[in-house]
Amino acid sequence: MSGQRAAAEPYTTRFETEVTAVDGKRVWLETTYFYAEGGGQPADRGRIGDVPVEDVQVVDGEHVHVLADPPSFRAGHRVMCSIDWSFRMYCMRAHTASHVLYGAGRRLLEDLGYGGFDIGEEKIRVDLETTTEIDDDVLIELDDLVNRAVWESRPVSWEDVQVANARERDEIAFNEATEEGAFSRGQVRVVTIGSKDDNGRTTNGSSNPWDVAACGGTHVRNTREIGPVTVLDRSNPGEGLTRVEFAVGPRAIERRAAEKRAAFAAKRTLGADVGSISDALDDIVKRQDALEADKRTLEADLVERALEAADPVERDGETWLVTSVDGLEPEALGDAVREASNAHADVLAVVGETDYTFAVVRADGAVDASNVVDDLSAEFGGGGGGSGSFAQAGGFDATPADVLDALDSGL
């Protein structure tokens with residue numbers, strides 16, 4: 001197992017042992033409590049003698065400790081080893097929290113499977129296989145259940161179980177791809193987060209545990225040791241997977257503080273209490289949608305009136321209406337022209353101006369609208385495009401009056 005002694009005795013952070021081999025910066029020890037990277041958990045940090053440990057890996061079944069510099073000690077020497085307790089405890093908290101999160105998922109998600117796990121410096125991610133859509137509401141429920149399980153001070157225990165027996169237990173979550181370190185000599189290390197009895201007391205009993213999983217990582221003895229947990233976000237790293245990211249410790253506190261600041265800012269701006277922010281925002285969105293609809297109606301009326309006031313021009317058997325409209329953005333003018341109800345013209349050509357002069361053309365007959373804007377671009381620069389029935393162009397090196405004259409005169 002990649003962290004066999006570390007996982008069995010995670011609170012051991014100082015030990016003395018004999019050096020069995022040294023190869024440059026690589027060191028082998030007779031006994032080690034350093035956790036070797038594996039199963040999504042990073043390697044322990046610390047010192048062997050007075051030299052910092054940069055990495056720990058399992059190679060051919062043995063722990064290889066990679067030091068920052070070649071050591072002065074040699075094989076046969078006895079050395080004092082120390083593990084960075086702060087980082088070890090962070091990993092213990094993070095790893096146990098991931099089991100608590102999976103346990104919460106068991107209670108909320110359908111067809112739940114385990115897709116991967118990783119402890120990062122700032123956040124932890126758990127990949128879940130589930131047919132349930134994990135939307136914002138589900139994410140909040142996961143956060144709530146995780147923190148309740150922490151508050152309930154549920155016991156955490158681990159034991160080695162025969163693999164054959166473990167596989168007969170439906171409640172045990174397996175992921176051999178990421179938990180290879182949990183298996184050794186026909187046995188698997190099983191981590192259990194305890195249940196609550198009918199009186200609300202936590203227990204290590206096997207009846208209705210919060211979570212049971214094959215795992216070779218280091219864990220705290222009780223969920224209360226995890227401390228603050230904040231679910232951060234979710235994403236979709238692959239088909240059938242939802243990645244849930246969370247933080248423990250200071251990062252979790254910082255995120256909670258940021259969320260509270262945002263909630264209080266919204267409370268002040270909206271003039272609503274925190275519990276009513278969502279309803280107040282819904283009202284604002286509805287009002288904004290209504291205002292946008294009114295704005296589009298006014299824009300359409302403005303274009304309709306401009307077209308009605310324009311004098312029709314007959315050209316090659318086609319009736320043209322050419323006019324200009326001030327104050328509309330190209331997209332808004334284009335939408336209004338596209339929806340214009342004028343039925344007495346074959347071609348509608350409207351010129352507008354924002355930071356630049358632009359034109360919108362709609363053609364219902366033999367005229368190709370894209371050819372018209374191409375001709376304008378050839379004459380005045382800029383560019384655009386569209387189809388035979390509708391086209392736009394802009395960036396003209398000309399005033400709206402120049403473009404109108406060109407359209408009136410047939411280019």
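The values are calculated or read from the model by the stated rules, or taken from the named source; none is laboratory data. A quick note: this is a predicted structure, and the numbers were derived from the prediction, not measured. Glycine also receives a Cβ, built like all others from the backbone with ideal geometry; neighbour counts cover every protein chain displayed. Surface accessibility is based on the protein's heavy atoms, side chains included, excluding ligands, DNA and RNA. Shrake-Rupley method; radii C 1.70, N 1.55, O 1.52, S 1.80 Å.
Where strands (runs of 3 or more DSSP E) fall wholly inside region 210-302, the ranges with 1 or more residues that are of a type in the set (D, E, K, R) and open to solvent by 20 Å² or more (accessible area, probe 1.4 Å) are 229-235, 241-248. Taken over region 53-78, the criterion of being part of a strand (DSSP E or B) and open to solvent by 50 Å² or more (accessible area, probe 1.4 Å) is satisfied by E54, Q57, V58, V59, E62, R78.
V126 fails exactly one of the following numbered conditions: (1) open to solvent by 30 Å² or more (accessible area, probe 1.4 Å); (2) touching a helix residue (DSSP H, G or I) at 6+ places or on another chain (Cβ under 7 Å); (3) in contact (Cβ under 8 Å) with a residue 60 or more places away in the chain. What is the number of that condition? Against the list (1) open to solvent by 30 Å² or more (accessible area, probe 1.4 Å); (2) touching a helix residue (DSSP H, G or I) at 6+ places or on another chain (Cβ under 7 Å); (3) in contact (Cβ under 8 Å) with a residue 60 or more places away in the chain, V126 comes up short only on (1). Look through S324, S389 and report the one residue that is surrounded by fewer than 18 Cβ atoms within 10 Å (Cβ to Cβ) and either over 43 Å from the mean Cα position of the chain (by Cα) or closer than 24 Å to R296 by Cα (or both). Result of the check over S324, S389: S389.
The residues in region 345-382 that are open to solvent by 30 Å² or more (accessible area, probe 1.4 Å), within 14 Å of S324 (Cβ to Cβ) and aliphatic (A, V, I, L, M) can be counted, and the count is 0.
I'd like to check something: does region 13-33 contain any residue that is under 32 Å from the mean Cα position of the chain (by Cα) and open to solvent by 40 Å² or more (accessible area, probe 1.4 Å)? The answer is no, given that none of the residues of region 13-33 is under 32 Å from the mean Cα position of the chain (by Cα) and open to solvent by 40 Å² or more (accessible area, probe 1.4 Å). Scanning region 352-387 for residues that are of a type outside the set (S, T, N, Q), part of a helix (DSSP H, G or I) and touching a strand residue (DSSP E or B) at 6+ places or on another chain (Cβ under 6 Å) yields A369, V372, V373, L376, F380. Is it true that some residue in region 133-155 is modelled with pLDDT under 95, open to solvent by 60 Å² or more (accessible area, probe 1.4 Å) and either part of a strand (DSSP E or B) or under 22 Å from P10 (Cα atoms) (or both)? Scanning region 133-155 turns up no residue that is modelled with pLDDT under 95, open to solvent by 60 Å² or more (accessible area, probe 1.4 Å) and either part of a strand (DSSP E or B) or under 22 Å from P10 (Cα atoms) (or both).
Of all residues in region 93-125, those satisfying the criterion of being part of a helix (DSSP H, G or I) and basic (K, R) are R93, R106, R107. Taking the conditions exactly as written (more than 20 Å from S377 (Cβ to Cβ), free of Cβ contacts under 8 Å to residues at least 40 places away in the same chain and open to solvent by less than 70 Å² (accessible area, probe 1.4 Å)), does L333 satisfy them or not? For L333, the condition - more than 20 Å from S377 (Cβ to Cβ), free of Cβ contacts under 8 Å to residues at least 40 places away in the same chain and open to solvent by less than 70 Å² (accessible area, probe 1.4 Å) - is not met.
So that you can scan it fast, the table gives a plain yes or no per residue for (1) closer than 19 Å to I140 by Cα; (2) of a type in the set (D, E, K, R); (3) at pLDDT below 90:
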residue	(1), (2), (3)
T242	yes, no, no
S276	yes, no, yes
L291	no, no, no
R305	no, yes, no
V350	no, no, no
